[in-house]
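Presented below is the structure to which this report refers.
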């Protein structure tokens, strides 16, 4: 495996902050549903990240790293509400006693608590996940 600086930085951060974590080796895979199955947990216990470009006005764009539960989609309208967003995580991620994520490698994942994630990453916490699977969206008046 080639040298992976991002992976090493993640492990160093977890070790130096004495954050409890678990590493899980598995077949290389990059999709939330299939890697969750390889790790042996439901997709709802995974964290899914997406980088978004948000237009704050006609001339200004910002990049946002959005983190939501693995079985949900990012509510794009919810992310566009503030021009200062940089890292934003859905409250469902922070509430997890343990969640799983790709550890900057497709063949290795990590598991940490939502509270430890919030402490280390210090994201802005906003409800940015779409509805849970099977949950009906509320109708909005026209």
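Give me the number: length gained by fully extending residue 37 to residue 95, i.e. 0.36 nm times residue separation minus the C-alpha to C-alpha distance, one decimal in nm. Mind dumping the intermediate values first?
Working: separation 58, 0.36 × 58 = 20.88 nm, distance 2.17 nm.
Working it through step by step, the gained length comes to 18.7 nm.
Between residue 119 and residue 15, what's the calculated FRET efficiency when r is the beta-carbon distance and R0 is 22 Å? Round to 0.05.
For R0 = 22 Å, the calculated efficiency reads 0.90.
Using a 10 angstrom cutoff on alpha carbons, build the Gaussian network for the chain and name the most mobile of 69, 20, 91.
Top of the fluctuation ranking is 20.
Alpha carbon centre of region 50-80 versus region 9-38: separation in Å?
24 Å
Applying a 10 Å radius around every beta-carbon, put 93-103, 71-81 in order of their mean neighbour count, most first.
Per-residue mean Cβ counts within 10 Å order the peptides as 93-103, 71-81.
Name the shape class, rounded, prolate or oblate, that the alpha-carbon gyration tensor gives for the chain, where a ≥ b ≥ c are the square roots of its eigenvalues, rounded holds for a/c under 1.5, and otherwise prolate holds if a/b is larger than b/c and oblate otherwise.
On the way: a/c = 1.85, a/b = 1.42, b/c = 1.30.
Because a/c hits 1.5 or more and a/b exceeds b/c, the chain counts as prolate.
Measuring from label point to label point, each 7 Å out along Cα→Cβ, what is the residue 23 to residue 57 span in nm?
4.7 nm
Measure nothing fancy, just the Cα-based angle from helix 5-16's long axis to the longest principal axis of the chain, in degrees from 0 to 90, nearest 10.
80 degrees
Could you work out [θ]222 nm for the chain from helices alone, using -39500 (n - 2.57) per DSSP H run of at least four and dividing by all its residues? Round to the nearest 500 deg cm²/dmol.
Working: 5 runs with 36 residues, N = 142.
Estimated from H runs of four or more residues: -6500 deg cm²/dmol.
Since every read-out is calculated from the coordinates, none of them should be taken as a lab result. In this text, all values refer to a predicted model and were calculated from it rather than measured experimentally. Cβ: placed from backbone, ideal geometry, glycine included. Neighbour counts: every protein chain shown.
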